[in-house]
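See below for the structure under consideration.
None of the figures in this text is laboratory data; all of them are computed from the coordinates on show. Quick caveat, the model's predicted, so the values are computed rather than measured. Heads up, the Cβs are rebuilt from the backbone with ideal geometry, glycines too, and the neighbour counts pull from every protein chain shown.
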Ligand SMILES: [Zn+2]
């Protein structure tokens, strides 16, 4: 049986004297790959913590080959406040990797994650999701297409240009096989928790970190273009689609949602689908306050499919 230990990686001391620490659940079982899994790099993506919890429970009662390290909350301060960014310095940690030991708290935290967790991995799985409102469902293709396919996501995204400063853009160029999974959010449907757990375990099987048959599917769609369709005004967001529209195709430049001024009640903006064949990858499906530029819809262009 493989061994299990829990430990915390110290980052630094907060203004109130409490120590900022990062949690790690580590399983070791002799020969095999070194796999790292992170969730909640964005503090409001709580579903990733539950995916990690279920994966850890699974690994406690199954044999692990090599090393599997799970960091369920990579932004403890963001998680504490339910915020995407660190509340103290307002930084988005997933734009500033590899961090900076001389910077503000998010820079230091990113630096510690790089030094004490990401460096030396053979395989890296980073779990993201929507926050309080948006639901999302796709996986990036970075430097290991087979691993991305093993997430079992409907949509695989091979970007022509990626965000700068993500944890994945640190690991991938250094030869660590890397995948970013975007799974769930909003009304935390058990469906997405289950999907995320299945994705992680399937990758662990593919990498032979655990035993078992790798599940494959032959109907995944790989695309190179995803549009972020976000409002230009804040206000009251009223969706034109229900969450059932996730993972469906909408044809033409139809209305996806509307933004109203909550004071005058006038229509400020109609948010429209950008393509001829629009695959709904991220959406908001509930009436809520919205800010300009908030993640509202991510639409895959099915005409950008990579065969
Ligand atoms: Zn995220």
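Things to note:
- Packing-based ranking, highest mean first, of 248-256, 205-213 given that Cβ atoms within 10 Å are counted: 205-213, 248-256
- Separation of the residue 152 and residue 8 label points, Cα + 7 Å toward Cβ, nm: 3.4
- Degrees between helix 47-60 axis and first principal axis of the chain (Cα, 0 to 90, nearest 10): 30
- Here the relative contact order of the chain, from alpha carbon pairs under 8 Å that lie six or more residues apart, stands at 16 percent.
- Degrees, to the nearest 10: 190-206 long Cα axis against longest axis of the chain: 40
- Using R0 = 35 Å, the C-beta based FRET efficiency linking residue 268 and residue 95 works out to 0.80.
- Of the peptides 193-200, 217-224, the ranking by mean beta-carbon count within 10 Å, highest at the top, reads 193-200, 217-224.
- Computed over the stretch 225-304, relative contact order equals 43 percent, with contacts defined as Cα pairs under 8 Å that lie 6+ residues apart.
- Simple spin-label estimate for residue 261 and residue 248 gives 3.3 nm between the two label positions (7 Å along the Cα-to-Cβ direction from each Cα).
- Added length on full extension, which subtracts the Cα-Cα distance from 0.36 nm per residue, residue 60 to residue 104: 12.2 nm
- Alpha-carbon centroid distance for the pair the stretch 197-243 / the stretch 86-125, whole angstrom: 24
- Only helices enter the 222 nm calculation for the chain: every DSSP H run of n ≥ 4 contributes -39,500 (n - 2.57), and dividing by all residues gives -5000 deg cm²/dmol, rounded to 500.
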